[in-house]
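Take a look at the structure below.
The values are calculated or read from the model by the stated rules, or taken from the named source; none is laboratory data. Treat the numbers as computed from the prediction; the structure is a model and nothing was measured. Note that we place each Cβ from the backbone using ideal geometry, even for glycine, and neighbour counts take in every protein chain shown. These accessible areas exclude ligands, DNA and RNA; they are computed on the full protein's heavy atoms, side chains included. Shrake-Rupley method; radii C 1.70, N 1.55, O 1.52, S 1.80 Å.
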Amino acid sequence: RTFPRQPRLRRMPHRSSKTFEKIIRQAIAGREVLLLTYDDVERVVQPHIFGYDRGDHLALSAWQSAGTGVGWRLFHLGRMMKLSAAGSRFVAMAPGYNPDDPSFVRVLARIEPSDPGSPEGTKSGRRR
């Protein structure tokens, strides 16, 4: 008796802030959709801003399209359990995107509204 072959799951890196930081920066620069596990829930997000929040935590502001609903979420890096690129891209910025999000005191990478459709519209390492 044979059983149907199970789909192969993509390996996701486990918690490592340097690895996660690199994945997030690359995803913002390339407008790549991310898969992440946060608070034990798998989520699909479009990353828009990465930096330090008012509590001095590394954080990601992203549009969540699957997980616990749809909309803007702020994810703290320290609570992410798994993170990987989904293998797809997004072009348009999510509705209500604010590149000057007051949640952040220092921005490390973000999508710039000046160029809504290309990865060149992304800046890294800018301080606010």
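Could you list, in sequence order, all residues of region 1-35 that are assigned to a loop (DSSP other than H, G, I, E, B) and modelled with pLDDT of 80 or more?
Within region 1-35, just R31 meets the criteria.
Would you tally the residues in region 20-31 being more than 8 Å from the chain's Cα centre (by Cα) and either open to solvent by less than 50 Å² (accessible area, probe 1.4 Å) or among the aromatic types (F, W, Y) (or both)?
So the count comes out to 6.
Being hydroxyl-bearing (S, T, Y), surrounded by 19 or more Cβ atoms within 10 Å (Cβ to Cβ) and under 19 Å from N98 (Cβ atoms) is true for just one of S61, S65. Which residue is that?
Every option except S61 fails the conditions.
As an exercise: evaluate E112 against (1) open to solvent by less than 50 Å² (accessible area, probe 1.4 Å); (2) charged (D, E, K, R); (3) modelled with pLDDT of 90 or more and give the number of the one condition it does not meet.
It fails just one condition, (3).
If you take the residues in region 97-109 that are in contact with a strand residue (DSSP E or B) (Cβ under 7 Å, 6 or more places away or on another chain) and part of a loop (DSSP other than H, G, I, E, B), which one is surrounded by the fewest Cβ atoms within 10 Å (Cβ to Cβ)?
From region 97-109, those in contact with a strand residue (DSSP E or B) (Cβ under 7 Å, 6 or more places away or on another chain) are 97, 99, 101, 103-109; that's our starting set.
This time we only want the ones that are part of a loop (DSSP other than H, G, I, E, B), so: 97, 99, 101, 103.
Numbers: Y97: 18, P99: 17, D101: 18, S103: 15.
Here the answer is S103.
For region 45-61, does any single residue satisfy the condition of being assigned to a strand (DSSP E or B) and out of contact with any strand residue (DSSP E or B) (no Cβ under 7 Å at 6 or more places or on another chain)? Step through it out loud before you land on a result.
As a first pass, look at region 45-61 and keep what is assigned to a strand (DSSP E or B): 45-53, 58-61.
Retained after the next criterion (residues that are out of contact with any strand residue (DSSP E or B) (no Cβ under 7 Å at 6 or more places or on another chain)): none.
No: region 45-61 contains no residue that is assigned to a strand (DSSP E or B) and out of contact with any strand residue (DSSP E or B) (no Cβ under 7 Å at 6 or more places or on another chain).
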